[in-house]
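Inspection log for the structure reproduced underneath, given as structure tokens.
Coordinate-derived values only; no laboratory data. Computed from a prediction, not measured in an experiment: that's the story for all the values here. Cβ placement follows ideal geometry from the backbone for every residue including glycine, while neighbour counts extend to all protein chains displayed.
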Amino acid sequence: MNADLLAALLIGFLGSSHCLVMCGGIVAALQLAMPGQSFWQRFRLQLLLSLGRISSYALFGALIGYFGMQAMQLAGLSLVWLRLIAGLLMLAMALYVARLWFGLTYLERPGRYLWRLLQPISQKCMPINNAKRALGYGFCWGWLPCGLVYSALSWSLASGSALDGSLFMLMFGLGTLPGLLLFGSAANTLSRIKNLPLLRYSAAVLLATYALYTIWLALQRLTF
């Protein structure tokens, strides 16, 4: 589980480039929705937004971990099958980080229906001028359709428990923090560093290696 948590942190950090593309406009718009705030007041509200977002990830991970375990037990199937799926999705994440294949974006389509229900609720938190509204909007924001998040959730599904599923998504969310808390030139600098070919391919190789190891272990258990 410790290796899985480190992998979750790495996925969140490396994948936050996707977050900046997908959610950068939201971050910029939210800055404008904080009227009359100083820099540090806006930063505090941004931090609370991210805490709300990460809280929703942790809750989602707990639900997926619990109900995934229950479903597999009712079906009489081993959690090893879920572990195999998680390994395959991490391999897809490695290809995404290396910019060789972007199939993870197809996972975002089903989540759009849920977001349509939550989006009106999030609008009631505008303008974001206090901690309660920041946390509320951030919690809704965490349910925005995202292939990166759904890929990470597959590990919560394979974790076998609500606690482990929640911890995995918590670490994933913490990994995304630097990219989304920084903005302007600082975010651009971080994005350029993460997009260096050597760093990007090295990270992709690490993720792919761990994914293949996970797949090998799952196949070994299924075979023997």
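Using Stokes-Einstein with the Kirkwood hydrodynamic radius over Cα pairs, what translational diffusion coefficient do you get for segment 2-223 at 4 °C and a viscosity of 1.567 mPa s, in µm²/s rounded to a whole number? Mind dumping the intermediate values first?
Details: Rh = 18.0 Å.
My calculation gives 72 µm²/s for D.
Suppose R0 equals 22 Å. What FRET efficiency, 1/(1 + (r/R0)^6) with r the Cβ-Cβ distance, do N2 and L77 give to the nearest 0.05? Please list the in-between numbers first.
Details: r = 26 Å, r/R0 = 1.18.
Between N2 and L77 the formula returns 0.25.
Roughly how many nanometres apart are two label points built 7 Å out from the Cα toward the Cβ at F67 and L118?
Rounded to a tenth, the inter-label distance reads 1.3 nm.
For segment 64-181, with equal point scatterers placed on the C-alpha atoms only and solvent neglected, what are the log10 I(q)/I(0) values from the Debye formula at q = 0.11 1/Å, to two decimals?
Debye intensities relative to I(0), on a log10 scale: -0.45.
Which ³J(HN,Hα) values, rounded to whole Hz and listed in residue order, are derived for segment 80-91 from phi using the Karplus coefficients 6.51, -1.76 and 1.60 in 6.51 cos²θ - 1.76 cosθ + 1.60 with θ = phi - 60°, glycine and proline given as x?
4, 4, 5, 5, 5, 5, 4, x, 5, 6, 5, 5
Give me the number: length gained by fully extending F39 to L181, i.e. 0.36 nm times residue separation minus the C-alpha to C-alpha distance, one decimal in nm. The partial results should precede the final answer.
Working: separation 142, 0.36 × 142 = 51.12 nm, distance 1.24 nm.
49.9 nm is the gain from fully extending F39 to L181.
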